[in-house]
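For reference, the structure discussed in these notes is given below.
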Amino acid sequence: MGLSRPPVVSRVVYGTITLMSVLIVYAGWQQLRFRDVVGVIVGPVLAMFLSHLFAATLARQVELGRAVTGTERARIAQSESPFLLLAVPPVVFVGILTLLGSSLSASIRWLVVLGAASLGYWGWVAGRRSGMSGWRLVLAVAAGLIIGALVLALDVFLQPGQAVSGAG
């Protein structure tokens with residue numbers, strides 16, 4: 001059941017869309033080395049983890065009506081820590097493509113396309129877990145793919161350096 005639990009699906013989809021957006025608008029892939037790309041991928045995931053950690057701690061504090069204890073804070077950190085794993089597949093994917101001779105720019109483009117396609121997969125997971133079949137399941141997959149396509153459309157409208165330079 002692990003990856004298909006609702007909170008995990010939610011976090012993976014949220015993280016995928018956020019990371020795709022960062023990768024789309026980041027300029028200068030040609031000048032980066034692999035370790036720099038790792039930083040560009042891990043940085044936003046770490047920021048999302050910290051935001052979830054902070055938000056969950058504040059929510060728990062409000063829920064309890066008092067400051068959280070160190071033990072409660074550690075429990076929250078432990079429950080949020082799997083979010084950090086979102087950085088692993090993109091880093092591995094870019095690493096494999098780089099080892100196979102792909103440029104970092106091309107690897108990132110493929111990663112963004114893969115991210116968009118994965119949203120269709122998560123639509124399927126959610127549809128299946130909620131008992132959908134037939135056309136309803138097809139529509140759940142299509143919804144994920146449409147969201148992925150919309151995020152990819154950002155690439156067309158927000159080409160790094162081109163949208164800004166075209167305005168002047």
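Roughly how big is the stretch 44-126's charge dipole about its Cα centre, with Cβ charges of +1 (Lys, Arg) and -1 (Asp, Glu), in debye to the nearest 20?
80
For helix 6-25, report the angle its Cα long axis makes with the longest principal axis of the Cα atoms of the chain; keep it between 0 and 90° and round to the nearest 10°. Around 30 degrees separate the two axes.
As a rough footprinting exposure proxy, the listed residues THR71, THR16, THR98 were ranked by other beta carbons within 10 Å of their own, and the order from fewest upward is THR71, THR98, THR16.
Relative to the longest principal axis of the Cα atoms of the chain, the long axis of helix 88-99 makes an angle of roughly 20 degrees. The rule of thumb for compact globular proteins, 2.2 N^0.38 Å, goes into the C-alpha radius of gyration of the stretch 81-124 1.25 times. Could you give the angle, 0 to 90 degrees to the nearest 10, between helix 70-80's Cα long axis and the longest principal axis of the Cα atoms of the chain? On a 0 to 90 degree scale, this one is about 40.
For the stretch 11-29 versus the stretch 116-135, the spacing of their alpha-carbon centroids is 21 Å. Answer with one residue from VAL22, GLY39, LEU119: the one whose Cα lies farthest towards the positive end of the charge dipole of the stretch 2-163, charges on Cβ with Lys, Arg +1 and Asp, Glu -1. Of VAL22, GLY39, LEU119, it is LEU119. Across the stretch 2-163 the C-alpha pair distances fall into 10 Å bins from zero in the proportions 10, 32, 32, 20, 7, 0 percent.
Every helix of 4 or more DSSP H residues in the chain counts as -39500 (n - 2.57), and over all residues that averages to -26500 deg cm²/dmol at 222 nm.
Each value in this text was obtained by applying a stated rule to the coordinates, not by laboratory testing. Everything quoted here is computed from the prediction, not taken from an experiment. Backbone-built Cβ (ideal geometry, glycine too); neighbour counts: all protein chains shown.
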